[in-house]
Amino acid sequence: MLERPPKVIITKIGLDGHDRGSRVIAAYLRDCGMEVVYTPPWQPLAAVVKLAIEEDADVIGISSLATDHLLVPKLIDALRAAGAEEVQVVVGGIVPPTDEARLLESGVALVFHPGASLQEIADGVRALAGRVRAVQEGAST
Amino acid sequence: MNKPIHPLTDELAVGEARWAKAFAAGTREPGCISNRSGVEIKPLYTPRDWAGGQYADALGFPGEYPYTRGIYASMHRGRAWTQRQLVGLGVPEDYNERLKDLLAHGATAISLIPCNSVFRGYDADEVDAELLGTCGTVVNTVEDMERALEGVPLERISCALNDPSPFTLLAMLLAVARRRGIPASRITGTSNQSDCISHFVANHMFFRIALPGARRILVDHIAYANRELPGWNPISVVGQHMQQAGATPAEAMAFTLSSALQYAEDCIARGLDPDVFLPRFTFFFDISISFFEEVAKFRAGRRLWARLARERLGARDPRAWRFKFHAQTSGVDLTRQQPLNNIARVTAQAIAGIFGGLQSLHTDSYDEVLSTPTGEAARIAVATQNILREEAHLVDVIDPLGGSYYVEALTDEMERRIEVLIAKVDAAGGMYAAVEQGLVQRMIGESARRFQDAVESGRQTVVGVNAYRTAEASADVRPLEYPERSRITAQLARLAEFKARRAQAAVANALDELARAAHGSANLFAAVLAAVEAGATHGEVCATLRRELGFGQPLTVV
């Protein structure tokens, strides 16, 4: 068990505004006892990095319907450049198989596709947050 | 339920009681099922639920008030629905190729989906290049539009533009028509993404303008079209965005009608005549796989709109009472698992829409849940419509489910629920006020969550997802490749070259004029058209209006 609940940012980057997925996931993770920071769509990458640092988030969940996932490798680079490489990034939405491989290679921890259950997503996020905390504790001892 | 007025009521009551006993003995389930809108569905409907005595008032004949059975006397028997597939990808040349292919395969009208950068009010050189042309066509200038529509007979084909506020794509279309010598009066089609409220509450595909600015731009657009473009539908009020965002079918219909009332009341306040502008109002809906509920949604909406247009908006011309709608099969119902099953889902959805009396139909491609559709999948979607129309003969009889005890009782009940929701929005002060308060977004959000819970718990079966699962079989589906980078690079170079070549002073003057119009009472669409004709780009027009009318944000509620 984590001492503090996992802290997750649920957001959308890029140009698309369809936010049903992000709203449903945010509400569910909150109901599961996680601390959720939800943003409206259209977030610039720099704003997401800043938010992750300010909020000391464990996980960033990017919801993508219309190819905005193509920007996620840039987000991961930006997190690294800002020294926040421990924050784990997960992507949920329409991600074609070839892109999924590219995302995982760039450092995305998990990709969820349509049909993934809310429970499966919550379990994945919780496990990732646990790993982030373990790394942090390892670093501080 | 309707009052039983059937002469055989007593006999029927006895018979129904006898049947109910036999039914209960033969089923283990309690028999309590409700549809997505929360209407409880009984296992059997009889004349006790809908007797037909109210035929003239409740249904009437096709083409006659209250239009429950259809808005035209001949409906699909006279003229089949328009097959309108959404198309938009890559650069204008890519779009033009796909368009010609679809027209050759039976599509009878065209559509244009712009790149998301266009929805958001930016030119190609203002956004991350990775996102250009991946889910819509990059169109920023009149010259882009010329290339997109090369060889397409604009004077003969209706054109649905997914053209969000401030309607620069229509301005470009009109400019292209003028260059070809086609009078604006010959241009027919629809501004498909004109319903700004649905953008603020549901899909957030707008150009960061503040809501009051969007409201003004829309009324100006309707006023301009009423005056100058007799063949153009300036507004399509959209239930699809809200239903895709999670609204139930009843909510989607109710909020759409509330939005339409709000727009109509704005037009009346501007001094426009409902008998002139209402015949050019159109609607756009989602068709979910909840088959009978969708049929009833459309029939109830059609009847209700006729009453609202006549009684509340005071329209006297019967053309103003007609509920013309385009519908699209629901992408939310499609699954990534066993993707070919989506062809069956789209077929069921399309039949519901056809029985619901639609005027225009887009059938989704089975691979939409994997990526932007491939050419092959898009052709199957068109073929599905041809099969339903010409092999299955769905067009032979008008409103073939009319008179079904179930469908009529359900139509009545959906109508009641829709009316209750409209009353809620009215009580909040109308649709603009209701979305500013978050009322609509909250209801949509709760419904989205309720549906997801039903899927999660297995109460709602989704084949291949929570039932009948098999080993993943999506490997044999080839997702579309993204636009060729070289074409995107060339498009960016062309934009730069266009911006360098045009008459700079004329562009600056036209944009100044647009800014002045924003603070005065001159028609904004006329100013947008003048700016586009002078060589202003989409991004420049949007930037000017944002600056002058204020920045906006999505009105989200979680």
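The values are calculated or read from the model by the stated rules, or taken from the named source; none is laboratory data. Given the structure is predicted, the values throughout are model-derived calculations rather than measurements. Please note: Cβ atoms are built from the backbone with ideal geometry, for glycine as well, and neighbour counts cover all protein chains shown.
Quick look at the values:
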| quantity | calculated |
| --- | --- |
| Filtered residue count, region B:361-378, keeping only those that are acidic (Asp, Glu), surrounded by fewer than 24 Cβ atoms within 10 Å (Cβ to Cβ) and within 14 Å of chain A (Cβ to nearest Cβ) | 1 |
| In region B:334-346, the residues that are within 21 Å of B:SER111 (Cβ to Cβ) and part of a loop (DSSP other than H, G, I, E, B) | B:LEU334 |
| Single condition B:THR141 does not satisfy, out of (1) under 23 Å from the mean Cα position of the chain (by Cα); (2) more than 10 Å from chain A (Cβ to nearest Cβ) | (1) |
| Tally of residues being touching a strand residue (DSSP E or B) at 6+ places or on another chain (Cβ under 6 Å), touching a residue at least 24 places away in the same chain (Cβ under 8 Å), within 14 Å of another protein chain (Cβ to nearest Cβ) and of a type in the set (D, E, K, R) across region A:10-69 | 3 |
| Among the residues listed as B:VAL465, B:VAL440, B:VAL407, the single one being over 30 Å from A:ASP31 (Cβ atoms), in contact (Cβ under 8 Å) with a residue 40 or more places away in the chain and among the aliphatic types (A, V, I, L, M) | B:VAL407 |
| Lone qualifier among B:ILE343, B:ILE351 - being surrounded by fewer than 21 Cβ atoms within 10 Å (Cβ to Cβ) and under 19 Å from the mean Cα position of the chain (by Cα) | B:ILE351 |
| Within region B:192-209, considering residues that are touching a strand residue (DSSP E or B) at 6+ places or on another chain (Cβ under 6 Å) and not basic (Lys, Arg), the one surrounded by the fewest Cβ atoms within 10 Å (Cβ to Cβ) | B:ASN192 |
| Lone unmet requirement of (1) within 14 Å of another protein chain (Cβ to nearest Cβ); (2) surrounded by fewer than 24 Cβ atoms within 10 Å (Cβ to Cβ) for B:LEU272 | (1) |
| Residues located in region B:327-358, provided they are among the polar types (S, T, N, Q) and within 13 Å of B:GLN385 (Cα to Cα) | B:GLN328, B:THR329, B:THR347, B:GLN349 |
| Test: residue in region B:391-404 that is surrounded by 22 or more Cβ atoms within 10 Å (Cβ to Cβ) and touching a residue at least 40 places away in the same chain (Cβ under 8 Å) | no |
| Residue that is modelled with the lowest pLDDT, among those in region B:470-499 that are basic (Lys, Arg) and surrounded by 13 or more Cβ atoms within 10 Å (Cβ to Cβ) | B:ARG478 |
| Residues satisfying the stated conditions in region A:112-141, i.e. within 12 Å of another protein chain (Cβ to nearest Cβ) and surrounded by 14 or more Cβ atoms within 10 Å (Cβ to Cβ) | A:PHE112, A:HIS113, A:PRO114, A:GLY115, A:ALA116, A:SER117, A:LEU118, A:ILE121, A:ALA122 |
| Some residue of region B:338-359 being farther than 19 Å from B:THR411 by Cβ, charged (D, E, K, R) and in contact with a strand residue (DSSP E or B) (Cβ under 7 Å, 6 or more places away or on another chain) | no |
| Those helices (runs of 4 or more DSSP H) lying entirely in region B:425-544 with at least 3 residues more than 13 Å from every other protein chain (Cβ to nearest Cβ) and over 30 Å from B:LEU174 (Cα atoms) | B:431-436 |
| Residue ID - farthest from B:GLY458 (Cα to Cα), chosen from residues in region A:94-111 that are within 14 Å of chain B (Cβ to nearest Cβ) and at pLDDT 95 or above | A:SER106 |
| Selected residue (criterion: farthest from B:GLY464 (Cα to Cα)) from residues of region B:334-379 that are among the charged types (D, E, K, R) and free of Cβ contacts under 8 Å to residues at least 60 places away in the same chain | B:GLU376 |
| Qualifying residue in region B:297-319 (condition: surrounded by 20 or more Cβ atoms within 10 Å (Cβ to Cβ) and under 30 Å from A:GLY93 (Cβ atoms)) | yes |
| Count - residues of region A:5-41 that are of a type in the set (Lys, Arg), modelled with pLDDT of 95 or more and either under 22 Å from B:THR134 (Cα atoms) or in contact with a helix residue (DSSP H, G or I) (Cβ under 8 Å, 6 or more places away or on another chain) (or both) | 2 |
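A quick yes/no check of all residues on (1) among the polar types (S, T, N, Q); (2) within 25 Å of B:ALA247 (Cβ to Cβ):
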{"residue": "B:GLY38", "(1), (2)": "no, yes"}
{"residue": "B:PRO43", "(1), (2)": "no, no"}
{"residue": "B:ARG48", "(1), (2)": "no, no"}
{"residue": "B:ALA51", "(1), (2)": "no, no"}
{"residue": "B:ASP57", "(1), (2)": "no, no"}
{"residue": "B:THR68", "(1), (2)": "yes, yes"}
{"residue": "B:ILE71", "(1), (2)": "no, yes"}
{"residue": "B:SER74", "(1), (2)": "yes, no"}
{"residue": "B:ALA80", "(1), (2)": "no, no"}
